Amino acid sequence: MTRAVAVSPSLRGTADQLGRLVDRLRSSGFDPYIVPTGRSVQESVTKAGIPHVSIQANPGFGAAVTSGLNEVGEWDWVLVINDDIELEEGALLPHVEALPDAMSKTLIFLDPVEPKRIPGMGSTLGQVSLISAPVARLRRVFGSGRTKHSGDRFRPFSIVMISRGLWDGIGGLDEDMPYTFEDADFARRAELAGADLRFPATEGIRHPASSTSKRHVDKVVPVAAWSAASYMTRWYTPPGVARALCAGALATRALFVPITPADRRSHLVGIRRGISALLTNRKPDLPDFDSV
């Protein structure tokens, strides 16, 4: 019998929110597990009796997912899902009922957004610097002149199903990219491995905009920039060059701080910390487990 598990790292989810998510996942045939990455979530899910895996750390998205999978026993399919995804009753059941063999190399993207290109070096630096957002708006207004490709596309890993064969075959999520670009990296490796990348219609799934990065911008910005440099190192350029380019992109980012929704002072602190981490080659940390 196929066993489909769901793993959801959570930094700030409430008991009501996580309990509702677990119920919806069960209604679609998953064995769900929350992976608390903050002390308050750990205490909430323990008190509410919500199934969870205790790791007592905030190691980043990929490491949290891997830690969860290491504790849930044997599995055939994993649904990686953000704690802020909203599901209707049984929304995922059609996808579960149509799953191919677990040892196939299959990746099913379920986030309700249009597929986008896997980032190149320019778009990676654009995301770090925040230039990518205005450039994208200009392209929508004037037309990008780009041809749509059937390959090299992905959707964010806010909700994605991965076969055991693919996970084991390409080595899971890269923990050197703790916050951002780990999904693009996985999708790129999956495509190179000849995986079946699927983009089905997504009914009954909502993904509200996340506010985590705004609340912890002083910690998140350095880690996101580090992840970008790790991604560029894997695919494009030597590590020293990647870190220097990302440090320059962060310096450019400072120009956009006045028009971003995050706290300006915290944002500038995050930029300074990020540049320092990149130039000294010292991996920055996400918010501490006991502090959130």
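Where a number appears in this text, it was derived from the coordinates with a stated rule and is not lab data. Owing to the predicted nature of the structure, the values given are computational and were not obtained by experimental measurement. When we count neighbours, we look across all protein chains shown, and the Cβ atoms used for this are built from the backbone with ideal geometry, even at glycine.
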Discussion item. Suppose we flag trypsin sites (Lys or Arg not before Pro) only when DSSP calls them loop and at most 15 other Cβ atoms lie within 10 Å. Which is the longest uninterrupted stretch of the chain?
Written reply: 1-145
Fill in: Nitroxide proxy distance, nm - points 7 Å out along Cα→Cβ at R264 and V96
4.9
Discussion item. Please give the Cα centre distance for the stretch 162-225 versus the stretch 65-79, rounded to the nearest Å.
Written reply: 16
Worksheet entry | Table column - 3J(HN,Hα) (Hz), the stretch 5-20, Karplus curve with 6.51, -1.76, 1.60, x for Gly and Pro | 10, 10, 10, 10, x, 9, 9, 9, x, 8, 4, 4, 4, 6, x, 5
Practice prompt. Between beta-carbons, use under 13 Å as the cut-off and find the net charge around A277, counting Lys and Arg +1, Asp and Glu -1.
Written response: +4
Item to complete: Just add up the charged neighbours of L99: K/R +1, D/E -1, any other residue whose Cβ is under 15 Å from the Cβ of L99.
Response: -1
Discussion item. Taking every DSSP beta bridge with both residues inside the chain, roughly what % is antiparallel (nearest 5)?
Written reply: 45
Discussion item. Angle check, please: helix 39-48 long axis (alpha carbons) against the longest principal axis of the chain (alpha carbons), in degrees 0 to 90, nearest 10.
Written reply: 20
Discussion item. Given points 7 Å out from each Cα along the Cα-Cβ axis, report the T14 to E89 separation in nanometres with one decimal.
Written reply: 2.2
Worksheet entry | GluC sites (Glu not before Pro) lying in DSSP loop within the stretch 174-208, provided at most 13 other Cβ fall within 10 Å | E203
Practice prompt. With runs of 4+ DSSP H residues as the only contributors, calculate the mean residue ellipticity of the chain at 222 nm using -39,500 (n - 2.57) per run, divided by the residue total and rounded to the nearest 500.
Written response: -13500 deg cm²/dmol
Item to complete: Any chance you could run the full-extension gain for N281 through R117? It's 0.36 nm times the residue separation minus the Cα-Cα distance, nm to one decimal.
Response: 56.1 nm
Worksheet item: Given springs between every Cα pair under 10 Å in a Gaussian network model of the chain, which of L166, L192, L250 has the largest fluctuation?
Response: L192
Discussion item. Please list, ordered by chain and number, the residues whose modelled amide H lies under 5 Å from the amide H of A6; skip anything fewer than 5 residues away on the same chain.
Written reply: D31, Y33, L79
Discussion item. What distance in nm separates the two pseudo spin-label positions at A254 and D168, each 7 Å out from Cα along the beta-carbon direction?
Written reply: 5.0
Practice prompt. Among (i) 55, 43, 34; (ii) 56, 48, 46; (iii) 52, 46, 34, find the value of Cα extents along the principal axes in Å that was calculated from the structure presented, and write down its label.
Written response: (iii)
Discussion item. Using a Gaussian network model on the chain with a 10 Å cutoff between Cα atoms, which of V72, V80, V220 fluctuates the most?
Written reply: V72
Worksheet item: Going by a ≥ b ≥ c, the root eigenvalues of the Cα gyration tensor, does the stretch 160-270 fall in the rounded group (a/c under 1.5), the prolate group (a/b larger than b/c) or the oblate group?
Response: oblate
Worksheet item: What is the sum of charges around A254, taking Lys and Arg as +1, Asp and Glu as -1, for the other residues whose C-beta is under 15 Å from the C-beta of A254?
Response: +3
Worksheet item: How far is helix 132-142 tilted off the main Cα axis of the chain, in degrees rounded to 10, range 0 to 90?
Response: 90
Worksheet item: Quick one: Karplus J couplings for the stretch 278-292, per residue in order, coefficients 6.51, -1.76, 1.60, θ = phi - 60°, nearest Hz, x for Gly and Pro?
Response: 5, 6, 9, 6, 10, 4, x, 10, 6, x, 5, 3, 7, 9, 10
Response to the item:
So the angle from the long Cα axis of helix 182-192 to the longest Cα principal axis of the chain, reported in degrees to the nearest 10, equals 70
Worksheet item: If r is the Cβ-Cβ distance from V241 to D290 and R0 is 30 Å, what FRET efficiency results, to the nearest 0.05?
Response: 0.25
